[in-house]
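Every read-out reported here was derived from the displayed coordinates using simple, explicitly stated rules and does not represent laboratory data. Since the structure is predicted, the reported quantities are computational estimates derived from the model, not experimental observations. Here Cβ is always computed from backbone atoms with ideal geometry, including for glycine, and neighbour counts include all displayed protein chains.
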């Protein structure tokens, strides 16, 4: 981000914080504790653990690209007044760090999801676009950043939910038994999800998947032992790859007879469709759960349901590719 833009945002935040400095925690009329979440993964984990014991707010609206989110004054006040604030802690919610650093009024407890697990660096794979160029030479030239998509591994989701449970119990001891019971129930679903991914990978005839898009699944592939090639890293700002990158991915699909090429949510999947048209492979969504559409949100869809669909899609992508069809 440009230095002047960042300084300007910080100044605006400070002005807003001065106006809101008299606010106090848990000012909501409801008896529930206030849990504020930066985005969908945190929100869904929190609502499964808290149940009816908390008022839960998701700041980034459904259908919004999280990388372009800019908090409103009401969002900043909500963070300040939260009993528990849950954020990613990565580049996509740098605005949250600005609020926490600039505010005189602090949330009760802050849960940063990337601090709940062992993080991995984003990597630049062979053929991938990196800062506008293709190839491995820029892999760590400017210092790799931690991949923030930690929740894409169900085992990491379990660790994150443990931390959220402890935070809820700390601010609301009266509700501790509810939170722990809900966590145990949700934990069983995450364990079943873990088994689904293990089975999907172990039953496959290959260990490589192709993304004609960004790749926010580093934790998933590391956890379950398969490999990938993609057009961009998970938080890349580029949307148009070079012809060299597209040709590289097409060649792999053809050489390994790969039946599925993936795209991620909120993508126009143009790259994916181009590869599919050239190879006869199927174009398919693998959802990172970064955010959901408004209709998905209103339907009550959750992390577990989305990841179950991902496990099925992965099973198809790793299967025998002799019968590929669009």
Using the Cα gyration tensor of segment 45-136, with a ≥ b ≥ c the square roots of its eigenvalues, what is the shape: rounded (a/c below 1.5), prolate (a/b larger than b/c) or oblate (neither)? prolate
Could you sort 198-209, 150-161, 263-274 so that the peptide with the highest average Cβ count within 10 Å comes first and the rest follow in order? 150-161, 263-274, 198-209
Between residue 191 and residue 146, what FRET efficiency comes out of the Förster formula 1/(1 + (r/R0)^6) with R0 = 30 Å and r the beta carbon distance, rounded to 0.05? 0.70
Calculated FRET efficiency for the pair residue 100/residue 166, C-beta based, R₀ 25 Å, to 0.05: 0.85
If I model a spin label as a point 7 Å beyond the Cα along the Cα-Cβ vector, how far apart are those points for residue 120 and residue 293 in nm? 2.9
Sort 38-44, 101-107 by the packing proxy (mean of other Cβ within 10 Å over each peptide's residues), most packed first. 38-44, 101-107
Where the centre of each part is set by its Cα atoms, how far does segment 155-183 sit from segment 253-326, in angstrom? 32
Using r as the Cβ-Cβ distance of residue 64 and residue 174, and R0 as 35 Å, what FRET efficiency do you calculate, to the nearest 0.05? 0.50
